1. Could you pull out the residue among ALA170, ALA179, ALA157 that is at pLDDT 95 or above and either in a helix (DSSP H, G or I) or aromatic (Phe, Trp, Tyr) (or both)?
2. For the structure I just gave you, tell me whether TYR72 is in contact with a strand residue (DSSP E or B) (Cβ under 6 Å, 6 or more places away or on another chain) and either within 24 Å of LEU163 (Cα to Cα) or not small (Gly, Ala, Ser) (or both).
3. Is there any pair linking a residue in region 144-162 that is over 18 Å from LEU101 (Cα atoms) and touching a residue at least 12 places away in the same chain (Cβ under 8 Å) to one that is buried (at least 17 other Cβ atoms within 10 Å of the Cβ) and aromatic (Phe, Trp, Tyr), with Cβ under 8 Å and at least six apart or on different chains, and which?
Amino acid sequence: MPNPVRAVTFDRASLAMRIVLIVTGSIVIALAARLRIDLPFSPVPITLQTGIVALVGATLGARAGAMAAALYLVEGLAGAPVFAGGASGLAYALGPTGGFLVGFIPAAFLAGWLIETGRARTALTVPLAFTASMLVVYLFGVPWLANVVGIDRALAAGFFPYLPGDAIKAIAASALWFAGARLSRPT
């Protein structure tokens, strides 16, 4: 059965359009960092980024989604105020949240790959794909954070408290993705 909902296919898109979409993806990830909620027990802020990274990957596809996340990271390293709360620079990227930022790249790739290959196409599998994408962020972020605060504290301050919110983000991002897919279908 063909996948009725597909990521953006770049085979037919011009190079200029590819660049525009990748840059737009990085901007959307940066905008998701603007809303920052700090928890008193954690150096890791709550943002909308994990859900948006999955959404960008699913929308642009594995390669372009990963490129958008990588561009976002480069923008922040170069000094653009794109990290949580408008932060930027190498010092921020090497701090407690650095692993989470790096994890955005494979997370976007995974979400895009799951959509492109048709492994995620239903109201059940797309949120699961987005959840898997978010867990990839933790695979990079929690060990990095553990180097700063220790493993027990890293799990308590950078993993467990964020799971309920990420479940909500996965569902919301899936709803947005399906809505966008419906709008993009030819009538």
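The values are calculated or read from the model by the stated rules, or taken from the named source; none is laboratory data. Given the structure is predicted, the values throughout are model-derived calculations rather than measurements. In this analysis, Cβ positions are derived from the backbone assuming ideal geometry, glycine residues included, and neighbour counts consider all displayed protein chains.
1. ALA170
2. So TYR72 does not fit the description; no.
3. From residues that are over 18 Å from LEU101 (Cα atoms) and touching a residue at least 12 places away in the same chain (Cβ under 8 Å), there are no pairs.
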